[in-house]
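Some notes on the structure that comes next.
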Amino acid sequence: MSKQILIGQLPLGGGAPVRVQSMTNTDTLDTAATVGQTLRLVEAGCEIVRITAPDVKAAHNLYNIKNELLRHGCSVPLVADIHFNPAAAEVAAAIVEKVRINPGNYTDRSRGKSHYSDQEYADELARIGDRMAALIDICRTHHTAMRIGTNHGSLSERILTRYGNSAEGMAQSALEFAEVCRRQDFHNLVFSMKASNVKVMVHSTRLFVDKMHQAGMDYPIHLGVTEAGNGEQARLKSAAGIGALLIDGIGDTIRVSLTEDPVAEIPVAYDILQAVGARITKAEYIACPSCGRTQYDIQQALLAIKARTMHLKGIKIGVMGCIVNGPGEMADADYGYVGSGSGKITLYKGHQIIKKDIPQNQAVEELVALIKASGDWQ
């Protein structure tokens, strides 16, 4: 388990729920547009909102955005997204709850070198510490968190000369910045390994977590497959990468990156969390694909049951075609809806048969009545 930090007043890591975040795609200087999109994200369930701050002017406008959100009664934690501009990071760190920096381009500078001696490498790390000192001091003063976000496509020249464009390089880059912060006694940190390649994202994150633990650190981890695209492919890539790591027990906050309206990212994130059992927000269903033994319209039944019961957070319902595998396959369900003959349904509560041979056209309402009678209806 990771250590717990605060993003504003929001606990992250250390047993807190896996947090869902997204990023605005509006012009940061357009206060009204950015506030409007942030409010829509929060209404959809987003818990942390990231906003780009490419320059000092944009960073300063985060103050106006934050105040306007507060005027609307919205205190969602804001994250300033910084890449090349330390001055913008220092302005933003005094305003928002978290800043995100990319170690590949935040302080490292390209010198056209193809080789670093051990001494040159160590000297460069020392310079990085010096350049980060001001930001760390501001973050410490304002209780601002920092995400050190490594991207596969933007590793520094120094890292590339020694590790190549690899998962090892990504993990090492983040670990070096973790050591810089630790030497300055700053620990309000989150880390991420982002890549558009799912295998690289998963491998680099696992590698970093192993390295971090070996170094005696346990900072929270942010997960996401970057530049995943849109539509079904993007959702599958995100589910594969984020889900694999959550099942490993890795991940304290996630973002599903879609080339769509950012609001569309939020339900996908919650679906992934639900699928791996990391965060339950609605009912869950166990349903067989059916076969020739099924003697009722199971597809229509599942749709009808979902329509009536999806809001029942934490309830698990089995919808099974027949009694051959049904009772066994839905053994951990709270309620069962099982075919028991031509157009007939048997209802279960846990392992217990409650009512047999109900006509299918009455069975969904009978299931709802059973859930209500058992005290599980919301």
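The values are calculated or read from the model by the stated rules, or taken from the named source; none is laboratory data. Note that the structure is predicted; figures quoted are calculated from it, not measured. Because the Cβ atoms are built from the backbone with ideal geometry, glycine has one as well, and the counts that use them run over all protein chains shown.
Quick check, is residue 257 modelled with pLDDT of 95 or more, buried (at least 24 other Cβ atoms within 10 Å of the Cβ), assigned by TED's automatic domain parsing to the domain that holds residue 146 and of a type in the set (S, T, N, Q)? Taking the combined requirement at face value, the residue does not satisfy it.
Quick check: anything in the range 334-345 hydrophobic (A, V, I, L, M, F, W, C), more than 29 Å from residue 267 (Cα to Cα) and either in the same structural domain as residue 271 (by TED's automatic domain parsing) or out of contact with any helix residue (DSSP H, G or I) (no Cβ under 8 Å at 6 or more places or on another chain) (or both)? Scanning the range 334-345 turns up no residue that is hydrophobic (A, V, I, L, M, F, W, C), more than 29 Å from residue 267 (Cα to Cα) and either in the same structural domain as residue 271 (by TED's automatic domain parsing) or out of contact with any helix residue (DSSP H, G or I) (no Cβ under 8 Å at 6 or more places or on another chain) (or both). When restricted to residues that are of a type in the set (Asp, Glu) and either in contact (Cβ under 8 Å) with a residue 12 or more places away in the chain or outside the structural domain of residue 254 (by TED's automatic domain parsing) (or both), the range 175-198 contains 2. Checked against (1) in contact with a strand residue (DSSP E or B) (Cβ under 9 Å, 6 or more places away or on another chain); (2) over 30 Å from residue 141 (Cβ atoms), residue 199 passes all but condition (1). Of all the listed residues (319, 368), the sole one being within 26 Å of residue 271 (Cβ to Cβ) and in a helix (DSSP H, G or I) is 368. Checking each residue in the range 59-81 for being closer than 16 Å to residue 21 by Cβ and either assigned to a loop (DSSP other than H, G, I, E, B) or in contact with a His (Cβ under 9 Å, 6 or more places away or on another chain) (or both) picks out 74, 75, 76, 77.
Return the pair list, or none, for Cβ contacts closer than 6 Å from residues in the range 229-250 that are within 14 Å of residue 201 (Cβ to Cβ) to residues that are among the charged types (D, E, K, R) and surrounded by 17 or more Cβ atoms within 10 Å (Cβ to Cβ), at least 6 apart or on different chains. The qualifying pairs do not exist here.
Pick out the one residue from 272, 315, 286 that is within 30 Å of residue 15 (Cα to Cα), in contact (Cβ under 8 Å) with a residue 40 or more places away in the chain, in contact with a Ser or Thr (Cβ under 9 Å, 6 or more places away or on another chain) and of a type in the set (Val, Ile, Thr). Steps first, please.
Working: 272 fails: in contact (Cβ under 8 Å) with a residue 40 or more places away in the chain; 286 fails: in contact with a Ser or Thr (Cβ under 9 Å, 6 or more places away or on another chain).
The conditions single out 315.
If the condition is being buried (at least 18 other Cβ atoms within 10 Å of the Cβ) and either assigned to a loop (DSSP other than H, G, I, E, B) or small (Gly, Ala, Ser) (or both), then the range 279-289 contributes 283, 287, 288. Note on the range 78-100: residues that are modelled with pLDDT of 95 or more and surrounded by 21 or more Cβ atoms within 10 Å (Cβ to Cβ) total 15. Among what's in the range 314-325 and is surrounded by fewer than 18 Cβ atoms within 10 Å (Cβ to Cβ) and modelled with pLDDT under 95, pick the residue that is nearest to the chain's Cα centre (by Cα). Only one residue fits best here, namely 314.
Taking the conditions (1) small (Gly, Ala, Ser); (2) under 14 Å from residue 99 (Cβ atoms); (3) out of contact with any helix residue (DSSP H, G or I) (no Cβ under 9 Å at 6 or more places or on another chain) in turn, residue 36 satisfies each one other than (2).
Selection over the range 1-39 of residues that are touching a Gly at 6+ places or on another chain (Cβ under 7 Å) and not in a loop (DSSP other than H, G, I, E, B) gives a count of 2. Is it the case that some residue within the range 50-61 is more than 29 Å from residue 248 (Cα to Cα), surrounded by fewer than 18 Cβ atoms within 10 Å (Cβ to Cβ), out of contact with any helix residue (DSSP H, G or I) (no Cβ under 6 Å at 6 or more places or on another chain) and free of Cβ contacts under 8 Å to residues at least 12 places away in the same chain? The answer is no, given that none of the residues of the range 50-61 is more than 29 Å from residue 248 (Cα to Cα), surrounded by fewer than 18 Cβ atoms within 10 Å (Cβ to Cβ), out of contact with any helix residue (DSSP H, G or I) (no Cβ under 6 Å at 6 or more places or on another chain) and free of Cβ contacts under 8 Å to residues at least 12 places away in the same chain. Here residue 274 does not fit the description of being at pLDDT 95 or above, polar (S, T, N, Q) and loosely packed, with under 15 Cβ neighbours inside 10 Å. Residue count for the range 326-350 under the criterion of being buried (at least 17 other Cβ atoms within 10 Å of the Cβ) and part of a loop (DSSP other than H, G, I, E, B): the result is 3.
Do the conditions hold for residue 184, that is, is it over 21 Å from residue 21 (Cβ atoms) and touching a Phe, Trp or Tyr at 6+ places or on another chain (Cβ under 8 Å)? So residue 184 does not fit the description; no.
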